[in-house]
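Since the structure comes first, as structure tokens, the remarks are kept for the end.
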Amino acid sequence: MLGITGSIAAYKSALLTRLLIKAGAEVQVLMTPAATSFISPLTLSTLSRRSVYTQVSSEDSWNNHVDLGLWADAMIIAPLTATSLAKLANGLADNILTAVYLSARCPVFFAPAMDLDMWMHPSTQQNVKQLQTYGNHLIDVEEGELASGLSGAGRMAEPEHIVQALNRFFNRSLSMSGKSVLITAGPTYEPIDPVRFIGNHSSGKMGIAIAEEAAARGASVTLILGPSALQPESESIRLHRVTTAREMYDAAMAAFPACDVAIMAAAVADYRPATAAEEKIKKKGDHLELQLVKNPDIALTLGQSKTPGQYLIGFALETHNAEAHARGKLQRKNLDLIVLNSLQDEGAGFGHDTNKVSLIRAGNKTRELELKTKRAVAADLLDEIESLFTEKN
Ligand code: PMT
């Protein structure tokens, strides 16, 4: 599905359509009314060999945006103007393109095109971030001469670059086929009595994003998920629900021998109440003492039993001396890689749809990544893990 909005860069959509058809894609073009002033629907229907949709309905027919949204394997919006970007970021559905976007379940790629100052404006940058937060993929603007005569960032990516970005995305899908990936995610709840527990703020989003990304790359994925309100969408992911750290430990120990990569994204309680009361503890006195005992450390145990060819990845959530603590865990738990996130960084850690992480390997310089969606972090992490496979061979 190719969506075109009203920018002068729309003239490049003809070449983009040709390149997509040449690559073997079926291309359904959608245009906003403004886009038809820049390039004719006839040109695009001729190149795409399909009727072009420019309206939700005409006098005697209605174009079913829901069916169109479900039909597509990918939606590419190129060029995307500042106005249409703002509409998408805010969920407006006032034309065929914006309505189909809201109905689409496939990966969405957007290639903005606008003038330098419009691109740099905080509201545009905020809208871009918003779309990325929804899991859409930015095909970044390029620098050069702009239609206004100004020069700088804002040009739509060249059609060849857009097709390369799509190729990278879809080829990546198969890059982990044949690999078995085990992921722990979410919090653990350690019961105090039948109504209370010791837990933490993990939502499970980070680990679920990694599971989805690994499944999208063709890996066989087992996700051991603590008590999270969320669950993965991909039906190919084997989901194992657990509540306590010991249940997570048992499930991980059982799954580990058959896996090539284990990624420990869960926030596991280090301690649990020594005994869980069978009945609700009644309020009495000013103090209540709970005796806590240590939980097994899943990552540490897997690190001790890891065989050559298996990769073990940990996470570290820190509040201070972050890198030193993370490197300590990397070594102590015999990890191949540790992903550091800090509660000091806005938008990072528990609950957010975004995260800001650093990837740390023994003997290597820390690789600091920018704040991005958890799905994009998952993609970067899996790229790094895939490079571990190649380095070994
Ligand atoms: O779930 P979200 O809301 O998306 O939040 C994501 C996250 C912040 C939970 C995630 O990004 C993260 O940082 N997870 C690890 C959090 C943590 O508590 O780490 P830690 O420093 O306590 O533990 C270090 C590593 O050992 C982790 O890989 C952890 O999974 C593992 N561990 C810890 C204790 C234990 N008993 N068993 C373990 O396997």
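The values are calculated or read from the model by the stated rules, or taken from the named source; none is laboratory data. Bear in mind the structure is a predicted one, so any value in this text is a computation, not a measurement. Note: ideal-geometry Cβ built from the backbone for every residue, glycine included; neighbour counts use all protein chains shown. Calculation scope for accessible area: heavy atoms of the full protein, side chains included, ligands and nucleic acids excluded. Shrake-Rupley method; radii C 1.70, N 1.55, O 1.52, S 1.80 Å.
Quick notes on this one:
- Identification of helices (runs of 4 or more DSSP H) wholly contained in the stretch 1-86 with 2 or more residues that are hydroxyl-bearing (Ser, Thr, Tyr) and open to solvent by less than 10 Å² (accessible area, probe 1.4 Å) yields 13-22.
- Failed condition for Ile263, given (1) within 16 Å of the ligand (Cβ to nearest atom); (2) more than 14 Å from Leu182 (Cα to Cα): (2)
- All positions within the stretch 133-154 that are within 17 Å of Met120 (Cβ to Cβ), open to solvent by 30 Å² or more (accessible area, probe 1.4 Å) and not charged (D, E, K, R): Leu138, Ala147, Ser148, Gly149, Leu150, Ser151
- Residues of the stretch 190-215 that are in a strand (DSSP E or B) and either open to solvent by 30 Å² or more (accessible area, probe 1.4 Å) or within 21 Å of Asn167 (Cα to Cα) (or both): Pro191, Arg196, Phe197, Ile198.
Yes or no, residue by residue, for (1) in the same structural domain as Gly186 (by TED's automatic domain parsing); (2) under 26 Å from Arg246 (Cα atoms); (3) open to solvent by less than 40 Å² (accessible area, probe 1.4 Å); (4) away from the ligand (no atom under 14 Å from the Cβ):
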site	(1), (2), (3), (4)
Val293	yes, yes, no, no
Thr307	yes, yes, no, yes
Leu335	yes, yes, yes, no
Gly349	yes, yes, yes, no
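- Selection of first residues in the stretch 322-335 that are under 15 Å from Ser358 (Cα atoms) and of second residues that are modelled with pLDDT under 95 and charged (D, E, K, R), restricted to Cβ pairs under 6 Å at least 6 apart or on distinct chains, gives the following pairs, ordered by first then second residue: His325/Glu318.
- The C-beta contact set for the stretch 238-264 (first residue among the acidic types (Asp, Glu), second residue more than 15 Å from the ligand (Cβ to nearest atom), distance under 6 angstrom, 6+ apart or interchain) comprises Asp260/Lys179; Asp260/Ser180.
- Subset of the stretch 351-372 [open to solvent by 20 Å² or more (accessible area, probe 1.4 Å), closer than 14 Å to Ile210 by Cα and either of a type in the set (S, T, N, Q) or assigned by TED's automatic domain parsing to the domain that holds Lys129 (or both)]: Thr354
- The residues of the stretch 337-347 that are within 10 Å of the ligand (Cβ to nearest atom) and open to solvent by less than 40 Å² (accessible area, probe 1.4 Å), listed by number, are Ile338, Val339, Leu340, Asn341, Ser342.
- Within the stretch 115-159, the residues that satisfy the criterion of being more than 26 Å from the chain's Cα centre (by Cα) and outside any strand (DSSP E or B) are Asp115, Leu116, Asp117, Met118, Leu146, Ala147, Ser148, Gly149, Leu150.
- Looking only at the stretch 323-372, residues that are in contact with a Leu (Cβ under 9 Å, 6 or more places away or on another chain), within 21 Å of His201 (Cα to Cα) and assigned to a strand (DSSP E or B) come to 9 in all.
- Which numbered condition Arg375 fails, given (1) open to solvent by 40 Å² or more (accessible area, probe 1.4 Å); (2) more than 22 Å from Asp260 (Cβ to Cβ); (3) not in a loop (DSSP other than H, G, I, E, B): (2)
- Test: Ala316 is open to solvent by 20 Å² or more (accessible area, probe 1.4 Å) and within 12 Å of the ligand (Cβ to nearest atom): no
- Residue list for the stretch 146-188, filter: farther than 23 Å from Asp73 by Cβ and at pLDDT below 90: Leu146, Ala147, Ser148, Gly149, Leu150, Ser151, Gly152, Ala153
- Close pairs from the stretch 185-196: first at positive phi, partner within 11 Å of the ligand (Cβ to nearest atom), Cβ under 6 Å, at least 6 apart: Gly186/Ser202; Gly186/Gly204; Gly186/Leu225; Gly186/Gly226; Gly186/Ser228; Gly186/Ala266
- Checked against (1) over 27 Å from Cys106 (Cα atoms); (2) free of Cβ contacts under 8 Å to residues at least 60 places away in the same chain; (3) within 10 Å of the ligand (Cβ to nearest atom), Ser228 meets all criteria but (1).
- Per-region count, the stretch 216-242, residues open to solvent by less than 20 Å² (accessible area, probe 1.4 Å) and not polar (S, T, N, Q): 10
- Residue list for the stretch 160-189, filter: more than 18 Å from the chain's Cα centre (by Cα), surrounded by 15 or more Cβ atoms within 10 Å (Cβ to Cβ) and part of a loop (DSSP other than H, G, I, E, B): Lys179, Thr188, Tyr189
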